[in-house]
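Here is the structure we will look at, set down as structure tokens.
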Amino acid sequence: MNIHEYQAKQLLAQYGVAVPPGDVCSTPEAALAIAERLFAKGEKLVVVKSQIHAGGRGKGTFKSGFQGGVKLCKSAAEVHEKAKGMLGQVLVTKQTGPEGRLVSKLLVAAAPAIRKELYLAVLLDRAASRPLMMVSTEGGVDIEEVAEKTPEKIIKEIIDPAVGMMPYQGRKLAVALGLKGDLIAQGAKLLMGVYKTWWECDAAMVEINPLCIIEGADGKEGLVAVDAKIGLDDNALYRHKNILEMRDLAEEAPLEIEASKFNLNYIKLEGNIACLVNGAGLAMATMDIIQHFGGSPANFLDVGGGASKDQVTAAFKIILSDPNVKGILVNIFGGIMDCNVIATGIVSAVRETGLKLPLVVRLEGNNVEAGKRTLTESGMTIISGDSMADAAQKVVKAVGK
Amino acid sequence: MAILVTPQSKILVQGITGTFGARHTLLSLAYGTQVVAGVTPGKGGQLFENQVPIYDTVAEAARQTGATVSAIFVPPPFAGDAILEAVDAELDLVVCITEGIPVNDMVKVKRAMQGSRTRLIGPNCPGIVTPGTGKDSHGGCRIGISPGYIHKQGNIGVVSRSGTLTYEAVWQLTSRGVGQSTCIGIGGDPVNGTSHLDIIKMFNEDPATEGIIMIGEIGGSAEEEAAEWIKNNCKKPVAGFIAGATAPPGRRMGHAGAIVSGGKGTAAAKIQAFRDAGIGIAATPSEMADTLLKMM
């Protein structure tokens, strides 16, 4: 699960990580009020940031024509005006795809004077099976590009989960970031706070880009997380009720939400051949084989190891809600599950949905003969596939017609 | 011979009285597997299905029955604890079937297992099958949730992160009359106990294994590491398939570990690593067995 920037900053602040003062709002009037408060406290610049689960907001364009999902403002009146331009509008960035995302919340926050932009992230190092903190002096830019062109500028520190992040590791990374004097201790403390956020919230990833050296009101330098992104481990959400409440359904595809209600794992893709498969590995492989034979998969759909008749029906309804779908491939390896149960589910789903599109079914495994008989005796025009390759070729051909 | 388990291995089941654990324990018993004990705290002294004694702790079950292997079916919040209980009882092998364990729990478990004598397979895996010689491979050792009857005793080792793709490969072999030494699903989570490479090394040393099918998927770099080792060390032919070439980046494809992030873990990179290592690449998942058999 992903959360918004303002929510990520709330979590980080709970672990002592400095973030610019500000607040979230959903009306231009509320944005104005927050801005007035910030300017009254002596802030010189205030930033208005669209809250969507996608990057590239600053360079994005609203479908209304309004430029930029992140705007720096010199007065409260300007904040009010920019907020009006963003709220209720659809923002398109390089990460949202052409359909864009509706902006219904804004973060209005102080925009401190930035001396230098740094990068900081915590994630799992899969090879080591341990947490990894990664920092770079090259903040504010695409880190993948830094990793590719100047990998030496990315400094990594593996954390031992038995003791957690130690202060010396924080100091080591702070020094590697070029921090000096008082900022070393401040940096170490901030880094440890970010690690603690990652570990205690069961995050999959925490990314602060940029982490900024700023000039405070008193002229002294300080460190602040100017942007923040947090992704959570879905498997651990059961023990974080507060974080679960941060879920924003508007950021998720409606069909994927519907699928999750039936414990189906569905991911919409751009193609026109829908697939319904048991098992994640086989579901991926089914998408791959469709493409191999010149087709294009419309979705990933894993109905799980013990799919019931109701689940199969729900799965059919979900894949048929995608208007791009021109044909369906069902690929079931019924190891323990009875192929006839699946076949019965398919027949009932086809009846219930009044399916008109070509349907290719490949059944293999337990009680497969009875399953095939059920399909044949249904009198429906179901194309049978003997192997994955055979089934994929048949559905690609049927859709191509 | 085989790797990790033989038909003589004595198995205990943690979570034997749960719906999922009970169902698969019955299937293993029907397959002829030596399931000698169950563990459910508080139900010690009872019998599972009038035949398998239940104990309160893993240590007690192992001491009383001589079980050296555990199959874990307990729910995700308690699975990490269950694994470490089996490690504490000094079992040889723990196979954790449970799907949905928080990643940080597994990070802690793996750290705590350092220096222990126990090997962990999984979590989020279909388990292990060493086929038997009877009808439909009856008499083998089945740990986990794989369908036993699709197997046949023979000389091909199969290792995969995915359950259903393992079955697919096994079934392709069996329907061509070719049997398997041992088939292992190492699991779809980002942190697991045993890697592709660990299993490949075992197959390489196993006299009963003459060829290997290795199935990978997007995410992480375990397939690349195995390929690198195979290039320089493996004495046996290896054929492979990588799932997820069409998966969009940044999305988890069912398995918690199946994700391309930051441009890392792509199918293209893994397929290239396979090619560089001389591993036979199945162009489609339908050709996994044929690709290997052509090499042998």
Problem - chain B - charge dipole about Cα centre, Lys and Arg +1 at Cβ, Asp and Glu -1, debye rounded to 20 - result: 300
Completion exercise
Over the Cα atoms of chain A the radius of gyration and the largest Cα-Cα distance (Dmax), both in Å, equal 25.8, 83
Exercise for the section: Could you pull the Rg and Dmax for the stretch B:135-196, using just the Cα atoms, both in Å? Expected result: 11.5, 37
Fill in the blank from the handout: Looks like the stretch B:18-68, by Cα gyration tensor root eigenvalues a ≥ b ≥ c and the a/c under 1.5 rounded cutoff (else prolate when a/b is bigger than b/c, oblate otherwise), is oblate
Exercise for the section: Report Rg(Cα)/(2.2 N^0.38 Å) for the protein assembly as shown, keeping two decimals. Expected result: 1.02
Practice task
Report the accessible area of residue A:251, computed with a 1.4 Å probe over the heavy atoms of all protein chains in place, in Å² rounded to the nearest 10.
Solution key: 30
Handout entry: Distance histogram in 5 Å bins (all Cα pairs of the stretch A:234-290, percent per bin)
Key = 4, 14, 20, 23, 17, 11, 9, 3, 0
Practice task
Work out the length of the dipole vector of the protein assembly as shown about its Cα centre, built from +1 on the beta-carbon of each Lys and Arg and -1 on the beta-carbon of each Asp and Glu, and round it to the nearest 20 debye.
Solution key: 760
Handout entry: Charge dipole magnitude, Cβ of K and R +1, D and E -1 - the stretch B:199-290, Cα centre, debye nearest 20
Key = 300
Problem - Sum of side-chain charges, residue A:67 neighbourhood, beta-carbon under 11 Å (Lys, Arg +1; Asp, Glu -1) - result: +3
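Could you list the GluC sites (Glu not before Pro) in the stretch B:38-143 that lie in coil according to DSSP, counting only those with at most 13 other Cβ atoms within 10 Å of their Cβ?
Loop-located and lightly packed - B:49, B:90.
With N residues in the stretch B:22-101, what two-decimal value do you get for its Cα radius of gyration over 2.2 N^0.38 Å?
In units of the 2.2 N^0.38 Å rule of thumb, it is 1.03.
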Problem - Whole-number D in µm² s⁻¹ for the stretch A:254-400, Kirkwood Cα-pair radius fed into Stokes-Einstein, 25 °C, 0.890 mPa s - result: 168
Completion exercise
Everything considered on the Cα gyration tensor (a ≥ b ≥ c; rounded for a/c under 1.5, else prolate if a/b is larger than b/c, else oblate), the stretch B:151-231 must be described as oblate
Problem - Computed [θ] at 222 nm, helices only, for chain A once each DSSP H run of length n ≥ 4 contributes -39500 (n - 2.57) - result: -11000 deg cm²/dmol
Fill in the blank from the handout: The A/B contact buries a total accessible area, at probe radius 1.4 Å and rounded to the nearest 100 Å², of 4000
Problem - Selection of GluC sites (Glu not before Pro), the stretch A:48-99, meeting DSSP coil and at most 10 other Cβ within 10 Å - result: A:99
Fill in the blank from the handout: Of the candidates A:66, A:162, A:106, the farthest towards the positive dipole end of chain A (Lys/Arg Cβ +1, Asp/Glu Cβ -1, centred on the Cα centre) is A:66
Completion exercise
Expressed as a whole-number percentage, the relative contact order of the stretch B:152-295 with C-alpha contacts under 8 angstrom and at least six residues apart is 25
Fill in the blank from the handout: Expressed as a whole-number percentage, the relative contact order of chain A with C-alpha contacts under 8 angstrom and at least six residues apart is 12
Problem - the stretch B:152-295 pair-distance distribution - Cα-Cα, 10 Å bins, rounded % - result: 13, 47, 33, 6, 0
Completion exercise
Lys and Arg at +1, Asp and Glu at -1: neighbours of residue A:162 with Cβ under 11 Å from its Cβ sum to +3
Completion exercise
Amide H contacts under 5 Å for residue B:71, restricted to residues at least 5 apart in sequence or on another chain and with H modeled in the peptide plane, are B:12, B:13, B:14, B:95
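Count, for each residue of A:284-295, the Cβ atoms from other chains sitting within 10 Å of its Cβ, then give me the mean as a whole number.
Average neighbour count from other chains, rounded to a whole number: 6.
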Exercise for the section: Grab the eigenvalues of the alpha-carbon gyration tensor for the stretch A:113-244, scale each by 5, take roots, and send me the semi-axes largest first in whole angstrom. Expected result: 24, 17, 15
Exercise for the section: Starting from the Cα gyration tensor of the stretch A:21-110, take the square roots of the eigenvalues, sort them a ≥ b ≥ c, and report rounded, prolate or oblate (rounded when a/c is under 1.5, otherwise prolate if a/b is larger than b/c, else oblate). Expected result: prolate
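I'd like the mean, over residues of B:178-191, of how many other protein chain beta carbons sit within 10 Å of each residue's own Cβ.
Values: counts 0, 0, 0, 0, 0, 0, 0, 1, 0, 0, 3, 2, 6, 6.
That works out to 1 on average.
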Exercise for the section: Restrict the search to the stretch A:1-58; then list the trypsin sites (Lys or Arg not before Pro) that DSSP places in a loop and that have at most 14 other Cβ atoms within 10 Å of their Cβ. Expected result: A:41, A:44
Handout entry: Charge context of residue B:101, other residues only, Cβ under 14 angstrom, K/R +1, D/E -1
Key = -4
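Using DSSP loop states and a limit of at most 12 other Cβ atoms within 10 Å to flag trypsin sites (Lys or Arg not before Pro), what is the longest stretch of chain B containing no flagged site?
B:1-116
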Completion exercise
Averaged over the residues of B:260-268, the number of partner chain Cβ atoms within 10 Å of each residue's own Cβ comes to 2
Exercise for the section: Working from Cα positions, state the angle (0 to 90°, nearest 10) between the long axis of helix A:368-377 and the longest principal axis of chain A. Expected result: 70
Completion exercise
CD proxy, 222 nm, chain B: helix-only mean residue ellipticity via -39,500 (n - 2.57) per DSSP H run with n ≥ 4, per residue, nearest 500, stands at -10000 deg cm²/dmol
Exercise for the section: Evaluate the relative contact order of the stretch A:277-388 (contact order divided by residue number), counting alpha-carbon pairs under 8 angstrom at least 6 apart; express in whole percent. Expected result: 26
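The values are calculated or read from the model by the stated rules, or taken from the named source; none is laboratory data. Just so you know, these numbers come straight off a predicted model, no measurement behind them. When we count neighbours, we look across all protein chains shown, and the Cβ atoms used for this are built from the backbone with ideal geometry, even at glycine. All accessible areas refer to the heavy atoms of the entire protein, side chains included, with ligands and DNA or RNA removed. Shrake-Rupley method; radii C 1.70, N 1.55, O 1.52, S 1.80 Å.
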